[in-house]
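Encoded as structure tokens, the structure appears first; notes follow it.
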Amino acid sequence: MQNQINVSEDNLTDNLKLKESQEQLYQSRQEFTRLVDNLPGLVYRCRSDKNWTMEYLSEGCRGLTGYAIRDLINNASLSFNDIIVPEDRLMVWEEVQKCLQLKQSYTLEYRIITAEQKIKWVLEKGRGVFDSRSELIYLEGFISDITESKHTEIINRVVFEISKAVITSTSLDDLYAVLHRELSHIIDVRNFYVAIYHPESNSISLPYHVDNEDKFTSIPAGKGLTNYVIRSKKPLLATEEIISELNKTGEIEIIGTPAKVWLGVPMIVNDEVLGVLAVQSYTDPDQFTARDLELMNIVAGQISTMLSRRSAEDILAQQKAFLEELFESSMEAIARIDLQGYVLEINSEFTRLFGFPREEIIGFNIDEKIADSEIFAEASSLTKKAMTGSLSELETRRVHKDGRMIDVSIIVTPIKLKGQIVGGYGIYRDITDRKKIEKNLIQAKEKAEESDRLKSAFLSNMSHEIRTPMNAILGFSTLLSDPTVTEEERLEFLKIIRERGNDLMRIMDDIIDIAKIEAGQIKIEIKDCPVNNLLSSIYLTINEVRKKNLKSGIDLRLKQFSPDKDFTILTDGNRLKQILTNLLENALKFTEKGFIEFGYTFKTGSHTNPMIEFFVRDSGIGIPREKHGMIFERFRQADDTNTRKYGGTGLGLTICKNLVQLLNGEIKLESEPGKGTTFFVSLPLTTSVTSHAASQSGVREFPEFSGVFEGKTLLIVEDEESNFFLLERILKRTDANVLWAKNGIEAITMAGNGNIDLILMDIRMPVMDGYEATEAIRKFNQSVPIIAQTAYALKGERERSLSSGCNGYISKPIDTREFLETVLKFINQANK
């Protein structure tokens, strides 16, 4: 009973702890959710598709976009891509995909359209989330509103340009035109005017007036809105209601067409009003904001300075201070130069962009510092042109202090003083990122154009390939109805129709296969595949094709590495047959005389994984090296001109490459024009399959060799594990003691340490090759038989092997009987 009570108490304690843990987890999740929802922006998780399909959004969604979360989740009402400004969508897609390929986080600036149809600038920082197999699961990140900072950036540039115009303008008309143009970047100035107050006549003139409704050159100095600002000396943002109220109270009188909203700021110097800058809208009451009022007030202050001219020293000091501040805080790299191009001053952005501190560039010629020998003439010409009074603009490259090239846009502006040019400003903007985007767009355009060209060529070729058999089918079908056709001719016509029908079916099969591959609908069935049987069947098929195509002068050869007729691997036999048949038919098409040979060997792949390598070799026309990669692309052929000699759709090798990849293998080729072509198809070969293949080979077919090498020690020198494994299995039932050396150095050591009855020496090995190893062994052992074995059956190999000290020579792939007979021969000779 006591034990039962204790167990109950333990269970109760565990339950309480579990409940407490669950409560803590719940609280943590709640705190995390509150934290995310309180962030001044949008946290998201989405898929990497063209819609950026959202799977999770934080509560910041509505504040940023104006849309509810439910509108965007799983594209319920619209996708996130729909709210990106159309001009920015491609850039966003390409930048994110590029970073995902490199498995890097991404940072983007682009514009969105809110539910209220307002444009916002946003900053997005995100990354891809990958599983343990490096497969992309989803994207996650944070999007914040940077409209204010972007607006500030634009305002800074506008203020800078206006300030520069205040200094450099030679007339008020020029200044007003610059003012109007620059303000148009940040505010609606379709209805804009500059009003100058003349206190001596109590009148107001309009030296600059642009308006959709009214055209005035002056305004009565009565009680209009302009006069109200002059009297109050304060800026005014007046809506239609405010204007109406001021009119009712007698503060103003409405002059001209009534506006929905009016904004005016006074130009004041030393507490005296010089005039008013004003804008208005006749249609949109929300056209202007308090921010616009503030901006116009800043601009008005600049214009006031230009207009006053009352205190030259004060004006100069103010302009200089303001310009220096703008100069230093500008987001552009700026250098002030003299007439000869020597640097008088730079801002901090110049140092950041080009790496030169002030002491290393002031007093030096700017072109000598940031232009290398290749672009020096261009840079010098640009500077000289500006010093003649012309504003010079150029997109080019300049050199950083560390030697790297930077893409920049340059504006060199002359500085005039009393009509004389005294120097200039060089303004540099880093456009490296923009150039990269432009380059990517150009490459994408070229790729699209190339794709269109290839598709057009493919369709033209396909039309020809389909019409050719169809022409025969329709033509001979018509002839069948001719009563004068003999029975023998009718049978011949039917044969031709069947053959051309089969040709048409093969074309259709290729088109269907490539469509299935691109749609991911090709099904691979991995099962036992009897390799030798498969190749024998292919041989019979290709041999019939050879005869039908009247190419009996071509020697068709099949080379099987394993003598076991039941040798089996795990793969999709149907797809393997399709691959090899396609390669052989290609070889037959492009070979007029000589031979076509196919078969397989074993080799070690990456990370020493065993592979089976099928090959198709011919003595045909060959393929130029520069087209080796191209021929595997869709719709591409080595000869894609209108005069090409050989037919075909250009899909066969594309299908082969994709099928090989689906079988976890690889395909490659060796070829030169006039020297034939060899295609290699490597597929995985598991250890169990290799063991099965090897165990079925060797002395089973040759019982006379059972036990023949009992008591003998054979040293196999071979760097490829699969090749050693094969030889070991062949020798297994001979009862030989088999040793393995993986390179020439190990072979020398093992040959010197024990009694070796025979050495099988591979020629091509790392560390030390078979020739060197044989020569070293012969220095201390002249009697042991050494048999060279190599896959490089070139002219002179046998002679070189014998001259290095080998007794015999066997070429790969190894014939089992020949191999056993050769080993027995030399062991018997050594025992005599």
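The values are calculated or read from the model by the stated rules, or taken from the named source; none is laboratory data. All figures in this text were calculated on a predicted structure; none of them were measured in a lab. Cβ placement follows ideal geometry from the backbone for every residue including glycine, while neighbour counts extend to all protein chains displayed. We work out accessible area using only protein heavy atoms, side chains counted, and drop any ligands, DNA or RNA first. Shrake-Rupley method; radii C 1.70, N 1.55, O 1.52, S 1.80 Å.
Just how much of R358 is accessible, in Å², when a 1.4 Å probe is used and the result is rounded to the nearest 10?
110
Taking the alpha-carbon centroid of each part, what is the distance from segment 202-266 to segment 763-792 in angstrom?
Between the Cα centre of segment 202-266 and that of segment 763-792, the gap is 105 Å.
I'd like the accessible area for L480: 1.4 Å probe, protein heavy atoms, all chains in place, Å² to the nearest 10.
40
What lysines does K712 reach when the alpha-carbon gap must be under 18 Å and sequence neighbours fewer than 8 apart in one chain are set aside?
K732, K825, K832
How high is the relative contact order of segment 68-179? Use alpha-carbon pairs under 8 Å, at least six apart in sequence, and give a whole percent.
14
Under the Karplus relation 6.51 cos²θ - 1.76 cosθ + 1.60, θ = phi - 60°, what is the ordered set of whole-Hz ³J(HN,Hα) values for segment 65-82, x standing for Gly and Pro?
Computed from phi, the couplings for segment 65-82 are 9, x, 9, 6, 4, 5, 5, 9, 4, 6, 6, 4, 10, 7, 8, 5, 4, 5 Hz.
Would you kindly derive the ³J(HN,Hα) couplings of segment 676-681 from the backbone phi angles with the Karplus curve 6.51 cos²θ - 1.76 cosθ + 1.60 (θ = phi - 60°), listing them in order in whole Hz, with x for Gly and Pro?
Along segment 676-681, the couplings run x, 9, 10, 9, 10, 10 Hz.
Quick one: length gained pulling E492 to T713 fully straight, 0.36 nm per residue minus the C-alpha distance?
Result: 72.9 nm gained on full extension.
Could you derive backbone 3J(HN,Hα) for segment 378-392 from the dihedral phi with the Karplus parameters 6.51, -1.76 and 1.60 (θ = phi - 60°), listing whole Hz in sequence and x where the residue is Gly or Pro?
Once rounded to whole Hz, the list reads 4, 5, 5, 5, 4, 5, 5, 4, 5, 6, 8, x, 9, 6, 10.
Sequence-distant or interchain residues sharing an amide H contact under 5 Å with D572, placed H: which?
Answer set, sorted by chain and number: K527.
Based on the Cβ-Cβ distance of S390 and E251, what FRET efficiency does E = 1/(1 + (r/R0)^6) give at R0 = 60 Å, to the nearest 0.05?
FRET efficiency, S390 to E251: 0.75.
Between the DSSP loop rule and a limit of at most 12 other Cβ atoms within 10 Å, which GluC sites (Glu not before Pro) in segment 62-120 are left?
Sites meeting the loop and neighbour criteria: E116.
So if I take the centroid of the Cα atoms in segment 733-761 and the same for segment 69-132, what is the distance between those two points in Å?
So the two Cα centres are separated by 65 Å.
Could you sort out which of K385/K445; K527/K559; K150/K233 sit more than 25 Å apart by Cα distance in this structure?
Cα-Cα > 25 Å for K385/K445; K150/K233; rest within.
Pulled fully out, how much extra length does the chain show between Y56 and R358, if you take 0.36 nm times their separation in residues and subtract their Cα-Cα distance?
Residue separation times 0.36 nm, minus the Cα-Cα distance, leaves 103.7 nm.
Please list, or write none, the lysines whose alpha carbon is within less than 22 Å of the alpha carbon of K384, excluding same-chain residues fewer than 8 places away.
Of all the lysines, those that pass the test against K384 - Cα under 22 Å, at least 8 places apart if same chain - are K164, K369, K416, K418.
Roughly how much of W262 is accessible, in Å² to the nearest 10, using a 1.4 Å probe?
Roughly 10 Å² of W262 is accessible to a 1.4 Å probe.
Please get the size of the charge dipole for segment 145-280, origin at its Cα centre, with Cβ charges of +1 on Lys and Arg and -1 on Asp and Glu, quoted in debye to the nearest 20.
The calculation lands at about 80 debye.
Restricting to Cα pairs below 8 Å that are 6+ residues apart, what does the relative contact order work out to for segment 726-831? Please round to a whole percent.
23
With r defined as the distance between the Cβ atoms of N543 and L802 and R0 fixed at 30 Å, what FRET efficiency is calculated, to the nearest 0.05?
0.20
Top to bottom by accessible area (1.4 Å), largest first, where do M331, M761, M630, M470 land?
Highest to lowest solvent-accessible surface, that is M331, M470, M630, M761.
Remind me, relative contact order of segment 230-360 in percent, using alpha carbon pairs under 8 angstrom and six or more residues apart?
Relative contact order, segment 230-360: 17 percent.
If amide hydrogens are placed 1.01 Å from N in the peptide plane, which non-local residues have theirs closer than 5 Å to the one on K559?
Result for K559 returns F598, G599, Y600.
Taking H as built 1.01 Å from N, whose amide H comes closer than 5 Å to the amide H of E345, not counting residues under 5 places away?
Long-range HN contacts for E345: R336.
Taking the alpha-carbon distance from K495 and a cut-off under 18 Å, which aspartates and glutamates remain once sequence neighbours fewer than 8 residues away in the same chain are dropped?
Correct list for K495: D482, E487, D503, E544.
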